[in-house]
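For reference, the structure is listed below as C-alpha cells.
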Amino acid sequence: MNPEMASPSSSSDRRISVLARHLAGVEMDSKNDSISAFPTSGSDNNSVFSHVVRGPEDPILGVTVAYNKDPSPVKLNLGVGAYRTEEGKPLVLNVVRKAELLLVNDRSRVKEYLPITGLAEFNKLSAKLMFGANCPAIQENRVTTVQCLSGTGSLRVGAEFLAKHYLQRTIYIPQPTWGNHPKIFTLAGLSVKTYRYYDPATRGLNFQGLVEDLSSASSGAIVLLHACAHNPTGVDPTFQQWEQIRKLMRSKGLMPFFDSAYQGFASGNLDADAQPVRMFVADGGELLLAQSYAKNMGLYGERIGALSIVCKTADVAARVESQLKLVIRPMYSNPPIHGASIVAAILKNRDLYNEWTIELKAMADRIISMRQKLFEALRARGTPGDWSHIVKQIGMFTFTGLNSKQVSFMTKEYHIYMTSDGRISMAGLSSKTVPHLADAIHAAVKQVV
Ligand code: PLA
C-alpha cells in the first residue's frame, strides 16, 4: 500500500509542507529582479507545466466523453447513472419545474450568500426525509446537517471531518464499490481498506465474507455502507442481514458512514429505502450520512446534497457543526442556493411532496420494467448463461457479469457504452433500445470469452 495512504497524518503534513514550499518559492522569486526571462512570461517557450502527463479519463464520466465522440446513430450510453425517459431524453421532474416557478415568482427571494452550513430549512427537511418525522435524534437536537455539493461533496466533507477529529483513520469500503469512494477518502486523509461484499459465483451478497471482514476490522474503524441500491452490484442486504450488520458494528464500535445516493430508487418508496439507516439511528448510536438529490429528484447538475452527523448529545452535535464549518469555509466557502431552494420547496409542501413521490415511483418502476424486458429479450435469444440476476438486482444498475473484453466488443461493434466492470445503467435503457442491447450481449457472450 502507498505509505501516504497508510499514514494520513504524514499526508496532511506533506500537503502543508508543499504549500509552505510553494509560498516560499513565490516570495523568493518576487524578490529576485535579476531574472530576465521569467519562466511564465511569453518570451520563453518552455512551459513550466511541460512535465505534466495526461491523466486518464474517469472510469465512469469518461464513458460519456467517449460516447459523445461516437457519430453512430445507434449509439447508447449506459455508463453514468442518469435517468432517461422512454424516448431516451433526460428528465426534469414536473414537480421540480413547479418548484422553480414558485421560486422565480417569489420577489422576496434574493441571491445573498447562504450560511457556511447552507439553507437551514433544506437541512432540517433532509434530515427528516432520511431519519423519519418522529426521529428522537432530531427531536433531541442530536443531529447536525450541513448542505453540501451533492453526494460527492457530502462524502468529502464528512471524510475531511473524520480525518481531523475521529479516533480512527481507517475506512472499510465494500468490494466492489462506486469508483470514486477510494479516491474521496484517500485524498481526505483516510486510509482505505475493503470488506468482502459481492460474490461473483452467486451474483449476490457474500454475507459470510462481509461478517468475517467486519469482525476482524480494528475496533472503531469507519465503515462505508450503501444505504440502498448498492452501486455497482445492485445487491442489498435483507433487513435481517442489516440487523446483524448493525449488531456486529455496534459491538465492535465501528462507525457507520452511510452513502445514500438512491433513496426511493430501490423500492420506489422513500421510507422503505431509508429503513437500514433508521435501524442504526434507532439504537441511539452515532453515524454519518451523505445524501444526494441527484437521482431521486433528478437534480444532477444542481449539486445538491447533505451531510448529517448523528451524535449522542445536542452539545456534541453543536460542536461538531462548528468544526464542519471550519472544513467547508476554506474549501468552497458556502454552498449554492438554487438546488437547496428547489428541494426545500418540494419537501415542505404536502402537495408537491406527494407529487414527487409519484414521479419517483414512476422512474423506479420504469427501471424495473427495463430489467424484465432485458431479461426476456436474452431468454428469447437463448443467450447462454443464467440472467436472472438482471431482475433480482436492485436500483439503477445491473452488474451483468460481462468482462472488460466483452464490454469493449459491445462498444466497438454495437456502439454500446458502459463501464468496463460490466455495469449497465438500466435507467438509460428504453423499450426501443432493449433489443439492440440484447443482441450485443448475446454476440459478446457467444463470440468473446
Ligand atoms: N455515491 C454513490 C454510490 C453514487 O453512485 C454516486 C453517483 C454518488 C455517491 C455521487 O453522486 P452525486 O455527487 O452526483 O450526488 N454515481 C453515478 C455518477 C450516478 C458518478 O459516477 O458521478 C454513477 O454513474 O455511478
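The values are calculated or read from the model by the stated rules, or taken from the named source; none is laboratory data. Computed from a prediction, not measured in an experiment: that's the story for all the values here. Quick reminder, even Gly has a Cβ in these numbers, built from the backbone with ideal geometry, and neighbours come from all protein chains shown. With ligands, DNA and RNA removed, areas are computed over all heavy atoms of the protein, side chains included. Shrake-Rupley method; radii C 1.70, N 1.55, O 1.52, S 1.80 Å.
Figures for the structure shown
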{"quantity": "Residue selected from the range 184-196 under the condition free of Cβ contacts under 8 Å to residues at least 60 places away in the same chain and in contact with a helix residue (DSSP H, G or I) (Cβ under 7 Å, 6 or more places away or on another chain), by the criterion surrounded by the most Cβ atoms within 10 Å (Cβ to Cβ)", "calculated": "Phe185"}
{"quantity": "Single condition Ala229 does not satisfy, out of (1) at negative phi; (2) hydrophobic (A, V, I, L, M, F, W, C); (3) crowded, with 22+ Cβ neighbours inside 10 Å", "calculated": "(1)"}
{"quantity": "Members of the range 80-127 that are part of a loop (DSSP other than H, G, I, E, B), out of contact with any helix residue (DSSP H, G or I) (no Cβ under 7 Å at 6 or more places or on another chain), of a type outside the set (Asp, Glu) and closer than 30 Å to Gly428 by Cβ", "calculated": "Thr85, Gly88, Lys89, Leu91, Val92"}
{"quantity": "Contacts under 7 angstrom Cβ, first residue in the range 430-442 being without any contact (Cβ under 8 Å) to a residue 60 or more places away in the chain, partner aliphatic (A, V, I, L, M), 6 or more apart", "calculated": "Pro435/Ala377; Ala440/Met410; Ala440/Ile416"}
{"quantity": "All positions within the range 197-226 that are surrounded by fewer than 20 Cβ atoms within 10 Å (Cβ to Cβ) and charged (D, E, K, R)", "calculated": "Asp199, Glu212, Asp213"}
{"quantity": "Subset tally (residues that are open to solvent by 30 Å² or more (accessible area, probe 1.4 Å) and in contact with a Leu (Cβ under 9 Å, 6 or more places away or on another chain)) for the range 367-384", "calculated": "1"}
{"quantity": "Residues satisfying the stated conditions in the range 292-306, i.e. under 12 Å from Phe122 (Cβ atoms) and of a type outside the set (A, V, I, L, M, F, W, C)", "calculated": "Tyr293, Glu302, Gly305"}
{"quantity": "Meets criteria (of a type outside the set (Gly, Ala, Ser), within 16 Å of the ligand (Cβ to nearest atom), touching a helix residue (DSSP H, G or I) at 6+ places or on another chain (Cβ under 9 Å) and part of a loop (DSSP other than H, G, I, E, B)) for Cys228", "calculated": "yes"}
{"quantity": "Residue within the range 61-71 that is assigned to a loop (DSSP other than H, G, I, E, B), within 24 Å of Phe399 (Cα to Cα) and within 16 Å of the ligand (Cβ to nearest atom) present", "calculated": "no"}
{"quantity": "Where Asn123 falls short, out of the listed (1) at negative phi; (2) out of contact with any strand residue (DSSP E or B) (no Cβ under 7 Å at 6 or more places or on another chain); (3) not hydrophobic (A, V, I, L, M, F, W, C)", "calculated": "(2)"}
